[in-house]
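A short write-up of the structure that comes next.
The values are calculated or read from the model by the stated rules, or taken from the named source; none is laboratory data. As the structure is a computational prediction, the values presented were derived from the model and not from experiment. Cβ atoms come from the backbone with ideal geometry, glycine included; neighbour counts cover every protein chain shown.
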Amino acid sequence: MTEQRPDRQESREPGRTSHQANVGPDDEGSFYDISAPTPPAGIPLSETWKTPILPGSGEPGPDDTLDHDGDPGTPGEIRRPPLTDGNLDLDAPAPEELVELAAGLGVATEFKDWKGKLVPVSTHTLCGVLAALDMPVRTGVHVRAALAELNRRPWEKLLPDVTVVRQGDSAVIGVHIEADMPLHRLDVRLETEGGASLKLPLAGDQPSLEEGRATVGGRAVRRVNYMVLGDIPVGDHQLRARYQPAARHPGSENQSGEITRPFVVTPRRIDLAPSVSESRAWGFMTQLYQVRSSRSWGLGDLGDLAELTGWSARAGGADYVLVNPLHAAEPVSPMTPSPYLPTTRRFFNPVYLRVEDIPEVAYLASTERAIIEWQAEAMRALNTDPKELDRDAVWAAKSASLQTVFEHPRSRERQAQFEAYCLREGQGLEDFATWSALAERYGLPTSKWPEHFRDPRGEAVAQVREELADRVEYFRWLQWCLDQQLANVAAVAHDAGMSVGVVHDLAVGVHPDGADAWALADVLAIGVTAGAPPDAFNQQGQDWSQPPWRPDRLAELGYEPYRAMLRTLLRHAGALRIDHILGLFRFWWVPEGNSPADGTYVKYDHEAMIGLLALEAQRAGCFVIGEDLGNVEPSTREYLKERGVLGTSILWFERDYEGDGQPLAPQEWRDLCLATVTTHDLPPTAGYLAGEHIELRDRLGLLTRSYDEEAAVDAAEQRDVIDQLVRLGLLAPEAGEREKVEALHAFLALTPAKLIGVQLADAVGDRRTINQPGTNDEYPNWRLPLADGVGQPILLDDLMDSARVNSLVRIVDSRLHPNDWVEPE
């Protein structure tokens with residue numbers, strides 16, 4: 001997989017609709033019958049319409065077209081064919097009933113492309129996405145049956161799956177009961193996190209007779225609204241509905257006469273660190289595996305991160321270091337090089353462990369320590385090798401050494417700490433360790449495993465977990481060691497004076513054949529992958545080969561898988577960067593077999609997703625940075641700003657696109673953002689100035705126009721930026737490469753941006769692209785070591801003494817904090 005490009009589509013703010021009327025809950029009235037239509041023979045409802053396609057669908061007619069007046073951005077009218085019982089015409093516009101079904105599941109049936117043109121989503125794509133949501137439809141009969149089930153679902157639930165509100169907001173809770181149940185037999189309460197039990201009153205507004213009653217499976221059901229006032233504190237609470245055991249209600253889960261569901265109150269906004277809210281901060285941004293020192297085992301590790309953190313804070317006044325996602329990769333060869341295609345997003349990659357820093361190493365026998373040192377020396381020889389990083393060799397050496405350390409007895413206190421960690425991480429850690437042990441035994445992909453090991457909750461997996469208990473414990477132990485070393489890095493950052501610390505990065509998804517795809521298969525959409533539609537930079541669209549969250553299953557599970565992931569990532573972080581944060585609003589789903597351009601958006605409950613993120617961030621004392629690049633509707637950015645989420649601004653992309661297209665003046669930049677010159681999707685700034693991104697894309701056949709045309713456009717855009725720097729007095733007209741790099745960063749300091757990010761590769765003068773979107777093995781993505789302008793490796797030891805690095809640090813910090821700047825010794 002290659003790194004994600006910004007989603008350049010407009011993001012429509014999902015609205016809320018409230019249907020309320022002053023009708024008493026005990027009033028009689030007519031019922032809306034949403035019972036399923038009788039399916040034809042051979043299509044039992046319980047089998048979700050998995051029958052052969054019926055014959056008889058017609059060819060598309062002359063009216064099956066999209067009307068559009070040709071004015072980009074002007075909504076057009078899509079003429080939709082009537083729905084018949086036969087096969088759906090996969091090439092024609094979707095019938096109204098299919099549109100209604102898709103809309104009910106949050107699936108977009110049309111969207112505006114990057115040029116502003118309204119594009120209808122094909123019936124073929126809609127059917128593929130609906131199948132991933134367990135609504136497979138191929139005929140008109142299927143569509144009608146699916147609509148009936150969709151309409152029936154909420155009426156079968158006594159309480160909503162989960163309710164998420166902001167602090168200070170009231171909430172109306174719809175409770176579905178048998179129509180003839182007297183309300184005195186029903187008790188609805190809110191059990192607060194603090195132990196209080198609050199009896200909920202009836203809401204003043206109740207559904208109308210038409211909207212508030214239905215027939216489900218031959219039973220009359222009504223909805224009664226209860227009110228939760230806006231004085232509930234932030235936290236995790238429970239809605240509890242009690243009823244007399246004799247009372248029947250739709251969808252009862254048990255016979256105890258009691259049902260509970262989560263009710264979560266989230267902060268209205270995420271608080272920034274004082275150094276950011278009251279002032280401004282800067283920090284380095286880097287790919288940790290690149291940053292090697294003389295003590296590294298061929299890859300940068302958590303020991304190196306601690307050194308970089310402490311030095312940049314003390315010598316340069318940095319308040320943070322932002323690293324690539326440290327998510328776990330495969331425990332066996334080959335290890336996927338992309339940190340944005342992990343096997344899990346909840347746990348970390350043990351290749352980043354500094355073996356010597358594990359306390360038990362000090363108590364090993366001399367022969368065991370000698371073997372570890374011998375393995376370390378072999379890997380340290382790679383630190384000055386300019387060729388591609390070899391993760392597999394490094395992991396093979398580290399894993400052998402870690403196994404030796406694991407087998408050494410731990411003290412009682414250390415063992416107690418390990419057991420407490422395992423208890424805290426619970427089933428999620430158990431599942432990940434079990435998957436790792438199975439991958440170690442049977443290899444990958446999981447299609448090579450015996451069939452009975454595909455179900456993480458099956459009896460066969462429970463048995464093999466016992467059989468592989470020692471290996472499962474080993475993989476749990478690795479995560480505990482990572483947790484401890486991450487805690488140490490955070491402590492080093494704090495002791496060195498950093499006000500933020502380490503900023504962790506959350507990838508957009510996971511490997512389709514990884515641990516999360518195995519353990520969380522019921523929460524991830526199968527049969528589709530996440531990606532992005534065509535945009536100005538990727539005109540064929542992008543397929544990231546990652547299964548997206550299912551919004552319906554997340555809600556049914558109270559968002560717990562999402563929250564568990566956030567808690568682990570935030571535990572030792574000062575802040576969290578979220579790649580493609582627009583994916584918390586809507587995501588581009590591409591059915592298997594489709595081109596990346598032939599997908600559609602699926603909507604998520606952004607109020608819940610962002611709200612729960614805010615709650616977990618507040619509890620961890622962190623703030624959040626969202627990668628929100630691209631053509632995003634102002635309402636989406638305003639929403640993120642309202643919730644306290646910082647955006648991302650890249651200097652090369654900050655232009656007045658609605659005006660003259662010129663670079664924005666520094667005072668026109670937004671303040672609530674992380675501002676950087678470049679990103680890992682582009683070459684470091686020295687390479688960008690030299691046009692190496694054009695040459696590379698030309699060599700790889702990725703340009704959509706001629707080299708000369710592309711180079712001319714790029715040169716003109718760069719000239720606009722350089723001319724701006726000259727006008728501002730930041731750069732002499734005939735300045736060289738290093739002076740341009742420094743001036744570009746000095747420009748960032750003139751903006752009101754709260755955070756300034758400096759790519760470590762820019763500081764050392766590296767010119768090579770870290771990742772080239774649109775490639776896999778054609779280019780060594782995520783495999784290049786940190787190097788200088790001629791490709792010679794730069795070690796962390798040398799970096800700290802580099803005149804070039806210290807000059808850039810001085811320019812950034814002295815401009816941000818002129819009154820605090822002290823020339824380092």
Note on segment 678-695: residues assigned to a helix (DSSP H, G or I) and under 18 Å from residue 536 (Cβ atoms) are 688, 693, 694
task: State whether the residues of segment 605-628 include one that is over 27 Å from residue 122 (Cα atoms), among the aromatic types (Phe, Trp, Tyr) and either at pLDDT 95 or above or under 18 Å from the mean Cα position of the chain (by Cα) (or both).
output: yes
Checking 423, 429 in turn, the sole residue that is at pLDDT 95 or above and surrounded by 12 or more Cβ atoms within 10 Å (Cβ to Cβ) turns out to be 429
| request: Might you let me know whether segment 708-723 holds any residue that is in contact with a helix residue (DSSP H, G or I) (Cβ under 8 Å, 6 or more places away or on another chain), in a loop (DSSP other than H, G, I, E, B) and not assigned by TED's automatic domain parsing to the domain that holds residue 316? | output: no
| request: Consider residue 695 carefully, then state whether it is closer than 30 Å to residue 505 by Cα, among the charged types (D, E, K, R), loosely packed, with under 14 Cβ neighbours inside 10 Å and not assigned by TED's automatic domain parsing to the domain that holds residue 503. | output: no
For this session: Could you check, for segment 148-163, whether at least one of its residues is over 30 Å from residue 612 (Cβ atoms) and modelled with pLDDT of 90 or more?
Result: yes
| Regarding residue 705, is this residue assigned to a loop (DSSP other than H, G, I, E, B) and over 26 Å from residue 647 (Cα atoms)? | yes
Here the residues within segment 160-199 that are among the hydroxyl-bearing types (Ser, Thr, Tyr) and in contact with an Asp or Glu (Cβ under 6 Å, 6 or more places away or on another chain) are 197
Of the residues in segment 440-476, those that are more than 17 Å from residue 419 (Cα to Cα) and among the β-branched types (Val, Ile, Thr) come to 446, 461, 464
(request) Looking only at segment 650-665, decide whether some residue is in the same structural domain as residue 605 (by TED's automatic domain parsing) and of a type in the set (Gly, Ala, Ser). (result) no
When segment 707-738 is checked residue by residue, the ones that are of a type in the set (A, V, I, L, M, F, W, C) and in contact with a strand residue (DSSP E or B) (Cβ under 9 Å, 6 or more places away or on another chain) are 721
Those residues of segment 513-522 which are crowded, with 20+ Cβ neighbours inside 10 Å and either more than 17 Å from the chain's Cα centre (by Cα) or in a loop (DSSP other than H, G, I, E, B) (or both) amount to 514, 518, 519, 520
Of the residues in segment 756-768, those that are part of a loop (DSSP other than H, G, I, E, B) and in contact with a helix residue (DSSP H, G or I) (Cβ under 6 Å, 6 or more places away or on another chain) come to 765, 767
Practice task
Inspect all residues belonging to segment 328-340 and state whether any of them is in a helix (DSSP H, G or I) and of a type outside the set (Ser, Thr, Tyr).
Solution key: no
Among strands (runs of 3 or more DSSP E) entirely inside segment 550-624, those with 2 or more residues being among the aromatic types (Phe, Trp, Tyr) and outside the structural domain of residue 125 (by TED's automatic domain parsing) are 586-591
Going through segment 442-492 in order, the residues found to be charged (D, E, K, R) and assigned to a helix (DSSP H, G or I) are 448, 451, 459, 465, 466, 467, 470, 471, 473, 476, 483
If we ask which residues in segment 631-649 are of a type in the set (S, T, N, Q), part of a helix (DSSP H, G or I) and at pLDDT 95 or above, their number turns out to be 0
In segment 406-436, anything more than 25 Å from residue 330 (Cα to Cα) and either in contact with a strand residue (DSSP E or B) (Cβ under 7 Å, 6 or more places away or on another chain) or part of a helix (DSSP H, G or I) (or both) is listed as 412, 413, 414, 415, 416, 417, 420
